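First comes the structure, then the notes that go with it.
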Amino acid sequence: MKINNRRDQDYLKTLTILYVEDDTDTREQFSDFLRRPSGTLITAEDGVAGLEAFKKHLPDIVVTDILMPRMDGLTMAREILELVPTVPIIAVTAFEQTDYLMRAINIGIEKYVTKPVNSFLLSECLLQCAHRLRAEEQVKLQHQREIREAYHKQSEAIAIMAGGIAHDYNNMMQGILGYVALTKMLLEPGSEAGDYLEKVENCSKEISKLGRVLNILGSNFKREKPLGAVLPCLMSSIKSVLAGTAISLENNCHEELPQVSFCEVEMDSVFSGLVTNAVEAMPAGGVLKLTTKVVEVTEHDFLPLKPGSYVQISLTDSGGGIPSDILTKIFDPYYSTKQRSSKRGMGLSLALCRTIIMAHGGSIAAESTLGQGTTFNIWLPTA
C-alpha cells in the first residue's frame, strides 16, 4: 500500500477523527499532530466521553489510548464496533503485552501503535485507514450509479409502454364514444336503451381519465419545461386536497426557493396524489407537515441524482406509517395496499409521481416508522 498516495491524503482531509486520551499534555500534543492531515478532529478525555462523542458525531476514524479511567480504550472500542462495525480504530498504548494485543485483535481493532509514538508510523496507519474507507466508498458509489441507471431504465421502459398503450387506448375509446353517440341519435327520447347507453358513455369517460394518466406516464423525458416558482403550485395542490378535511397544515417553508423547470399540470398531479395519500393515512384527522429547503447533493449522499443544487420538498403525515416490507414496493406500478375495487387507476398514483419527478430530473423517496407517520421527500434540480 502506498502511504504517500495523494488521493488517500486528500481523502483523509475530508474525514473526521476522534482522538481519546486521558493525559492532558499528550492529548494536546497529538491533537496538533492529528489536526493537520484530517478534516475535523474531535477529542475526548476518557472512554466514557469518547463513546458519547462517537454517538454524537459518528467520526470516520477513532484513535484511542488503552489505559484510561472510567472506561478503558478496548472497552470503548468494543462498544463503538457494536454500533458501527466498519469504523477503523487505531489503539495507542505504552504497553506491548500479548494480552492487550490479543484483546485488541479479538475486538476488531485494525491498528496497534506503541508509545512513544512514531509519528511516521501513525501517519501511515491513518493513510491505510483512509485508503480502505475510500475504496469502500468507491464500491458504494459504483453500486449507487448502477442502481440509478437501472432505476432510470425501468422508468423509461414503463413510460414507453404506457405511452403506446395510451395511444391505442384513446383511439379505441374515441371509437366507442362515437358509436354510442350515433346510436343515441337513432333512439326515441327517454327509451330504456338510451339510459343504458348513457351509462356506457359515463363509464367510457371514466376510462378516458385512466388513459390520460397513462399518457402522462408515457411523456417524453427530454422535453423542455418552463421555468418558474414551484411553491405556489405546491400550496395550491395542498389546499385544494385538504379543503373540507380534518387535517391541518403545518407550513415550515421559511426560505425563498430558487426557480425550477417544471410542468405545472404534471407537478400538480404529483402533489395532489401525495396529499391525497396522506389524507387517506389520517382518516380521523391529523397534521400534514410541509418543509422545503435548498440542498447540495454530492455523490457521497448516495441519492439517485446527479451532483448539484436541488429544492427538497418534504411532506410528513401523522398517520400510522408504512411497514418496511411494503415501503420498498410503493412506487411499483399497480402495487397498492388498498382493497381492489372498480376504481380506475388504483395503484398508479405513486408510480405516476415517480415517473413525473424523474422526467423533471429529480427523485422521490419515502421513509416511514410504524406509528409515527410517513415522509415523502422530493428533490427537483434548481435552475
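Filter the stretch 309-329 down to residues that are modelled with pLDDT of 90 or more and either in contact with an Asp or Glu (Cβ under 7 Å, 6 or more places away or on another chain) or charged (D, E, K, R) (or both) and give me whichever is nearest to Lys140 (Cα to Cα).
Within the stretch 309-329, the match that is nearest to Lys140 (Cα to Cα) is Ser309.
Among the residues of the stretch 99-120, is any at pLDDT 80 or above and either surrounded by 13 or more Cβ atoms within 10 Å (Cβ to Cβ) or of a type outside the set (Lys, Arg) (or both)?
Looking for residues that are at pLDDT 80 or above and either surrounded by 13 or more Cβ atoms within 10 Å (Cβ to Cβ) or of a type outside the set (Lys, Arg) (or both), one finds at least one in the stretch 99-120, hence yes.
Six or more apart or on different chains, Cβ under 6 Å: which pairs go from a residue in the stretch 346-370 that's over 30 Å from Glu206 (Cβ atoms) to one that's modelled with pLDDT of 85 or more and among the polar types (S, T, N, Q)? Could you list them?
From residues that are over 30 Å from Glu206 (Cβ atoms), the pairs are Ala365/Asn377; Glu367/Thr375; Ser368/Thr374.
On the given criteria, is Glu296 surrounded by fewer than 16 Cβ atoms within 10 Å (Cβ to Cβ) and not hydroxyl-bearing (Ser, Thr, Tyr)?
yes
Among the residues of the stretch 230-266, write down those that are modelled with pLDDT under 90 and either touching a Cys at 6+ places or on another chain (Cβ under 7 Å) or crowded, with 16+ Cβ neighbours inside 10 Å (or both).
Those that are modelled with pLDDT under 90 and either touching a Cys at 6+ places or on another chain (Cβ under 7 Å) or crowded, with 16+ Cβ neighbours inside 10 Å (or both): Cys263, Glu264, Glu266.
With the checklist (1) at pLDDT below 85; (2) surrounded by fewer than 16 Cβ atoms within 10 Å (Cβ to Cβ); (3) outside any loop (DSSP other than H, G, I, E, B) in hand, flag the one item Gly178 doesn't pass.
Status for Gly178: all satisfied but (1).
For residues in the stretch 267-280 being more than 27 Å from Glu224 (Cβ to Cβ) and in contact (Cβ under 8 Å) with a residue 60 or more places away in the chain, which is surrounded by the most Cβ atoms within 10 Å (Cβ to Cβ)?
Among residues in the stretch 267-280 that are more than 27 Å from Glu224 (Cβ to Cβ) and in contact (Cβ under 8 Å) with a residue 60 or more places away in the chain, the one surrounded by the most Cβ atoms within 10 Å (Cβ to Cβ) is Ala278.
Across the stretch 244-263, what is the number of residues that are of a type in the set (A, V, I, L, M) and either in a loop (DSSP other than H, G, I, E, B) or free of Cβ contacts under 8 Å to residues at least 12 places away in the same chain (or both)?
Final tally of qualifying residues: 2.
Go through the stretch 330-376 and count every residue that is assigned to a loop (DSSP other than H, G, I, E, B), among the aromatic types (Phe, Trp, Tyr) and at pLDDT 80 or above.
Going through the stretch 330-376 one residue at a time, the tally reaches 1.
Scan the stretch 281-308 and report the pairs whose first residue is farther than 16 Å from His143 by Cα and whose second residue is basic (Lys, Arg), with Cβ atoms within less than 9 Å and a gap of 6+ or a chain change.
Val297/Lys306
The values are calculated or read from the model by the stated rules, or taken from the named source; none is laboratory data. For clarity, every value in this text was computed on a predicted model and none was experimentally measured. Cβ: placed from backbone, ideal geometry, glycine included. Neighbour counts: every protein chain shown.
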